[in-house]
Structure formats: C-alpha cells, structure tokens
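Just below is one structure, and these are the notes that go with it.
The values are calculated or read from the model by the stated rules, or taken from the named source; none is laboratory data. Please read all numbers here as calculations on a predicted model, not as lab measurements. Here the Cβ is made from the backbone with ideal geometry for all residues, glycine too, and neighbour counts use every protein chain on show. We work out accessible area using only protein heavy atoms, side chains counted, and drop any ligands, DNA or RNA first. Shrake-Rupley method; radii C 1.70, N 1.55, O 1.52, S 1.80 Å.
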Amino acid sequence: MKVLDYTILTLVIIGAVNWGLIGFFDFDLVSTLFGQMSLLTRIIYAAVGIGGLYAISYYGRMDSDM
C-alpha cells in the first residue's frame with residue numbers, strides 16, 4: 001500500500017507543478033514534453049486525475065496515523 005501511496009503522491013505533485021506552471025506562466029509542461037493532446041499526454045492527465053481522486057482517501061487515513 002505504501003508504494004501505491006507514494007506513486008499517487010508523485011502523480012499529484014506532477015499535476016500540481018503543471019497547473020502552477022499553467023497559472024503563473026501559461027506553460028503546459030506535459031503538453032510540451034509529450035505533444036498537444038497526444039495519447040500519452042491524455043494518459044498522463046487521466047492518471048493525475050485518478051491519483052487526485054485516490055488521494056482524497058488520505059484524509060480518512062490521517063486520523064488513524066495520529
């Protein structure tokens with residue numbers, strides 16, 4: 001479970017950095033690296049989105065860690 005959590009956290013960080021770049025500099029790093037809405041770009045966006053939804057479960061687990 002820890003490997004999954006770290007993987008999801010990494011995906012969420014990638015998404016956050018990408019959105020920060022878009023917001024501050026109007027620069028989409030994922031599209032620049034992998035092409036404008038290419039299959040790989042869409043897979044990365046989908047993985048980040050699913051990771052964000054999974055990360056919601058961290059709130060439920062925070063109480064059990066304290």
**Asked** Rounded to the nearest whole Å², what accessible area per residue is found for the chain with the 1.4 Å probe?
**Response** 77 Å²
**Request:** For T7 and F24, compute 0.36 nm times the residue count separating them, minus their Cα-Cα distance, and round to one decimal in nm.
**Result:** 3.5 nm
**Asked** By Kyte-Doolittle mean hydropathy of at least 0.5 and Cα axial length of at least 30 Å, which whole DSSP H helices of the chain are selected?
**Response** 2-25
**Request:** Under a 10 Å cutoff between Cα atoms, tell me which one of L33, L21, L11 has the largest fluctuation in the Gaussian network model of the chain.
**Result:** L33
**Item:** Relative contact order, percent, the chain [alpha-carbon distance under 8 Å, six or more residues apart]
**Value:** 38 percent
**Request:** Loop only per DSSP, at most 14 neighbouring Cβ atoms within 10 Å: give me the chymotrypsin sites (Phe, Trp or Tyr not before Pro) in the chain, ordered by residue number.
**Result:** F27
**Asked** Considering only protein heavy atoms and a 1.4 Å probe, what is the carbon-and-sulfur percentage of the accessible area of the chain?
**Response** 74 percent
